[in-house]
Amino acid sequence: MALQRARVRRIVLTAEDLDAAEEGPGTQLSLDPEREARLRIEPVLDRLNARWGHPVVRPAAAYRHVS
């Protein structure tokens with residue numbers, strides 16, 4: 001018996017007992033791990049830059065190679 005991979009074709013999310021947006025901040029759901037990593041590192045970069053001056057630390061994509 002051969003095992004085959006099943007493709008994920010659809011993800012369903014059901015939300016219940018939601019509060020109105022005016023009642024407080026919410027958290028946006030993302031299924032992109034790269035985006036989540038960037039969102040987690042941004043506050044750390046902000047604290048480093050606030051402490052040591054801007055732009056001490058930037059994402060690697062922000063650097064340009066100068067020849």
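The values are calculated or read from the model by the stated rules, or taken from the named source; none is laboratory data. It should be emphasised that the depicted structure is a prediction, and the values quoted were computed from it without experimental measurement. Glycine also receives a Cβ, built like all others from the backbone with ideal geometry; neighbour counts cover every protein chain displayed. The protein model used for the area step is the full one, side chains on, heavy atoms only, and it has no ligands, DNA or RNA in it. Shrake-Rupley method; radii C 1.70, N 1.55, O 1.52, S 1.80 Å.
Odds and ends about this structure:
- Only one of the numbered conditions (1) within 19 Å of the chain's Cα centre (by Cα); (2) assigned to a loop (DSSP other than H, G, I, E, B); (3) of a type in the set (G, A, S) is not met by A6, and that is (1).
Results for (1) more than 22 Å from the chain's Cα centre (by Cα); (2) modelled with pLDDT under 80, shown as yes or no for each residue.
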residue	(1), (2)
M1	yes, yes
V12	no, no
A15	no, no
T27	no, yes
P43	no, no
N49	no, no
S67	yes, yes
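- R38 being in contact (Cβ under 8 Å) with a residue 12 or more places away in the chain and either loosely packed, with under 10 Cβ neighbours inside 10 Å or not small (G, A, S) (or both): yes
- With respect to the conditions (1) within 30 Å of V8 (Cβ to Cβ); (2) of a type outside the set (D, E); (3) assigned to a helix (DSSP H, G or I), P43 falls short on a single one, namely (1).
- Of all residues assigned to segment 13-33, at least one qualifies as being surrounded by 10 or more Cβ atoms within 10 Å (Cβ to Cβ) and either among the aliphatic types (A, V, I, L, M) or not in a helix (DSSP H, G or I) (or both).
- In segment 47-60, the residues that are open to solvent by 100 Å² or more (accessible area, probe 1.4 Å) and part of a helix (DSSP H, G or I): R47, R51, W52
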